[in-house]
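First the structure, in the form of structure tokens, and then the observations on it.
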Amino acid sequence: MNFSDFSRRRFLATLGGLGAGLLVRPVWPGATGRKPISKPIPASGERLPVIGMGTSRTFDVTPGSDQGRQLLPVMQAFFDHGGGVVDTSPMYGHAEAVLGELLRAARHERQHLFAATKVWTWGEQEGIEQMQRSMQRVGVERFDLIQIHNLRDWEVQLETLKAWKAGGKVRYIGITTSHGRFHDELEVILDTQPFDFVQLSYNIGNRDVEQRLLPLAQERGMAVLINRPFMRGELFSLVRGKGLPAWAAEFDCSSWAQFFLKFAVSHPAVTCAIPATSKLHHMIDNMGAGVGRLPDSEMRARMLRHMQSV
């Protein structure tokens, strides 16, 4: 059975069965009608919600499986709470295929979806074929964004991406890394090449990219996607058993997840963070970071001091 057979009735039944779980995390603030925070893509002025969704690990399940179907309420909550940017990669196992099944089953407006994937291979023809497979798996005629994953064969893949963009096969092009060892090379690339987006790791516990890469992206007019905003869960370990400071309410923050996400997306150079989750209550909590106020520079400094003291 594929996801197209997953009827509205079964979806609602699944969601109802999970409803009790919503009570253990903060209610999404957007339920009060507040508009999601958005930031512009410098290359075009098009605005994106600041909280997106990643698919690394969480969507790497067998297509058509019960495990995959359990992700549908998570995906639906993402769209229902104002989400737009969904980031995937052929590197993530079955993630692209599962994402495609979920997109066919979920209720959403195509104009609200900003579909992003990556090219992660060697050679021109191999890159072309991989991107074509990605389109088939995700079920889109054109990706909004294709990124060169972890700088692999970037000079060759960039030429293809530039041709695809000129021909209308992709709207934006980008490059990514989640490894600090690539930062020096990435800095040279960003300083000389015409990317619309860069994706990198940034969070309140790892701020290395504040020194050179974020200012450079801002100077060069590149949108910035943030991966690992929770430092792969390590940030939650640091605050386990500790209460959220009362002053977090000053920037409409009601959980540690929102605390970490609001810190990441409040940096002036950052466009959107893409946390990954397979749990409905975590998705709803994450999306709460995308409404209300963001911390200003003074509040960000206070957040840093607090984390240094925990």
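Each value in this text was obtained by applying a stated rule to the coordinates, not by laboratory testing. Predicted model, so just to flag it, every value in this text is computed and none were measured. When we count neighbours, we look across all protein chains shown, and the Cβ atoms used for this are built from the backbone with ideal geometry, even at glycine.
In sequence order, what are the phi-derived ³J(HN,Hα) couplings for the range 97-104 according to the Karplus relation 6.51 cos²θ - 1.76 cosθ + 1.60 with θ = phi - 60°, rounded to whole Hz, with x for glycine and proline?
Values, residue by residue: 5, 5, 4, x, 5, 5, 5, 5 Hz.
Over the chain, what is the relative contact order in whole percent, taking alpha-carbon pairs under 8 Å and six or more residues apart?
22 percent
Cut-off 10 angstrom, C-alpha nodes, Gaussian network model of the chain. Which of 246, 116, 106 fluctuates the most?
246
For 188, 270, what ranking results if the residue with the fewest other Cβ atoms within 10 Å of its Cβ goes first?
188, 270
For residue 125 and residue 57, compute 0.36 nm times the residue count separating them, minus their Cα-Cα distance, and round to one decimal in nm.
21.8 nm
If we count other beta carbons within 10 Å of each Cβ, what is the order of 124, 101, 155, fewest first?
155, 124, 101
Tell me, 86, 61 in order of fewest to most beta-carbon neighbours within 10 Å? List each step's numbers first, then the result.
On the way: 86 25, 61 20.
By the 10 Å Cβ count, ascending: 61, 86.
If you plug each phi of the range 244-260 into the Karplus form 6.51 cos²θ - 1.76 cosθ + 1.60 with θ = phi - 60°, what whole-Hz ³J(HN,Hα) values come out, in order, with x for Gly and Pro?
Running phi through 6.51 cos²θ - 1.76 cosθ + 1.60 with θ = phi - 60° gives 5, x, 4, 5, 4, 5, 5, 10, 6, 10, 10, 7, 5, 4, 5, 4, 5 Hz.
Which ³J(HN,Hα) values in Hz, rounded to whole numbers, follow from the phi angles of the range 167-174 under the Karplus curve 6.51 cos²θ - 1.76 cosθ + 1.60, where θ = phi - 60° and Gly and Pro get x?
Result, rounded to whole Hz: x, x, 7, 8, 7, 9, 10, x.
Which lysines, on any chain, are close to residue 39 with Cα under 29 Å apart, when same-chain ones fewer than 8 places away are left out?
118, 162, 165, 169, 262, 279
How large is the charge dipole for the chain, taken about the Cα centre, if only the Cβ atoms of Lys, Arg (+1) and Asp, Glu (-1) carry charge, to the nearest 20 debye?
Result for the chain is approximately 1060 debye, rounded to the nearest 20.
Taking amide hydrogens as modeled 1.01 Å from N in the peptide plane, which residues meet the under 5 Å criterion relative to residue 119, leaving out close sequence neighbours?
For residue 119, whose amide H was placed from the backbone, the distant partners under 5 Å are 147, 148, 149.
For q = 0.12 Å⁻¹, what log10 I(q)/I(0) does the chain give under the Debye formula with an equal point scatterer on each alpha carbon and no solvent?
The computed values of log10 I(q)/I(0) come out as -0.79.
Based on DSSP, what percent of beta bridges with both residues in the chain are antiparallel, to the nearest 5?
15 percent
Kindly list the residues of the range 258-288 that lie in the label zone of residue 236, defined by a backbone N under 20 Å from the point 7 Å along the Cα-to-C-beta vector.
From the range 258-288, the list is 258-265, 273-288.
Working out 0.36 nm times the residue gap between residue 165 and residue 250, then minus their Cα-Cα distance, what length gain in nm do you get to one decimal?
Full-extension gain reported as 26.4 nm.
Taking H placed 1.01 Å from N in the peptide plane, check which residues at least 5 places from residue 39 or on another chain put their amide H under 5 Å from its amide H.
Counting only residues 5 or more places away or on other chains, the set is 48, 50.
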